[in-house]
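The next block holds one structure in the form of C-alpha cells; read it before the comments.
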Amino acid sequence: MRTWSHLLVSVALLAPAGATTLLKMSMNDLILQSTSIVRAKITGTRTGTIGKDIYTYYQLQLSETLKKSPIPPAEFAVPGGVSGNLRQIGIGSPVFTEGQEYVLFLWTSRSGMTQVLGLTQGMFNLTQDASGATVLKRPAIADQMLDKSGNPVTDAPVTMKWSELRDLIVKTLPRPAATK
C-alpha cells in the first residue's frame, strides 16, 4: 500500500515546473495510508534544506489525534520555501496559514520526515456550519490527477462533518486483535 504514496510523492516532486500529476486518493486511502491523522492548529514555520531541496516545516499544536503514530508529530514538512536568497516552489504543495486549524492526514517516512499524504488531498480546513457543527472542507484540486489504473480523473470538492469523519475512521481502520 505504501507503494502508491511513494509514487505520488515521486511524481509530484519530479514533475516539470507548472505541471503536477497526483494519484487520486479516496478518503479510505487517506485513512489507511496515513501514519497519523490529527486535528491541529499551525503555530509557526521554519525552513530547512535536504540536499538541494528546500522544505517549509510547519509546527503543530495538536487538539485531537484520530489515528495515533508511535511518536505524535510536532511538525511536518512541505516541499518548497525560501532559504537565504533562494526560493523553491513545490508545485502541488499545500499552503497553510498560521493560526488556522486543520485536519491533516500525515505520513512519516523511515527517515523520520513527516509530510501531508497526497499533498493537498490530505489537508482539510475546519469551519462551522449554520447549525454550529464542525465541518471539514477541501476545495477541488486543479492539478492533473490519475486513478490507480493511470487514467485521468477530475477532482471534486470535499465537505464532511467532523462527526462523519470520526465514524469513517473507526469503520475503516482495522481493529486490534483481542489478547487472551
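Here are the numbers for the structure shown:
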{"read-out": "Matching entry among L104, L146 (being surrounded by 14 or more Cβ atoms within 10 Å (Cβ to Cβ), modelled with pLDDT of 95 or more and either closer than 20 Å to I91 by Cβ or not polar (S, T, N, Q) (or both))", "value": "L104"}
{"read-out": "Boolean, G118 is closer than 30 Å to R175 by Cβ and either in contact (Cβ under 8 Å) with a residue 60 or more places away in the chain or acidic (D, E) (or both)", "value": "yes"}
{"read-out": "Which listed residue, of R87, R110, is open to solvent by 80 Å² or more (accessible area, probe 1.4 Å), closer than 18 Å to T35 by Cα and modelled with pLDDT of 90 or more", "value": "R110"}
{"read-out": "Unique residue being surrounded by 10 or more Cβ atoms within 10 Å (Cβ to Cβ), in contact with a strand residue (DSSP E or B) (Cβ under 8 Å, 6 or more places away or on another chain) and part of a helix (DSSP H, G or I) when the list is L136, L165", "value": "L165"}
{"read-out": "When residues of the stretch 63-84 are limited to those that are open to solvent by 50 Å² or more (accessible area, probe 1.4 Å) and under 21 Å from T120 (Cβ atoms), the one nearest to the chain's Cα centre (by Cα)", "value": "E75"}
{"read-out": "Residue among T97, T35 that alone is hydroxyl-bearing (S, T, Y), open to solvent by 20 Å² or more (accessible area, probe 1.4 Å) and within 29 Å of G150 (Cβ to Cβ)", "value": "T35"}
{"read-out": "Positions within the stretch 51-62 being out of contact with any Gly (no Cβ under 8 Å at 6 or more places or on another chain) and either open to solvent by less than 30 Å² (accessible area, probe 1.4 Å) or aliphatic (A, V, I, L, M) (or both), in sequence order", "value": "L60, L62"}
{"read-out": "Residue satisfying all of: in the stretch 121-133; open to solvent by 30 Å² or more (accessible area, probe 1.4 Å) and not hydrophobic (A, V, I, L, M, F, W, C); nearest to V95 (Cα to Cα) among these", "value": "N125"}
{"read-out": "Residue selected from the stretch 54-104 under the condition of a type in the set (K, R) and out of contact with any helix residue (DSSP H, G or I) (no Cβ under 9 Å at 6 or more places or on another chain), by the criterion nearest to L117 (Cα to Cα)", "value": "K68"}
{"read-out": "Matching residues in the stretch 130-160 - criterion: being over 19 Å from M25 (Cα atoms) and in contact (Cβ under 8 Å) with a residue 12 or more places away in the chain", "value": "A133, T134, V135"}
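The values are calculated or read from the model by the stated rules, or taken from the named source; none is laboratory data. Keep in mind that this is a model prediction, so the values were computed, not measured. All Cβ positions, even for glycine, are placed from backbone atoms using ideal geometry, and neighbour counts span all protein chains on display. The accessibility values were calculated without ligands, DNA or RNA, using every heavy atom of the protein model including side chains. Shrake-Rupley method; radii C 1.70, N 1.55, O 1.52, S 1.80 Å.
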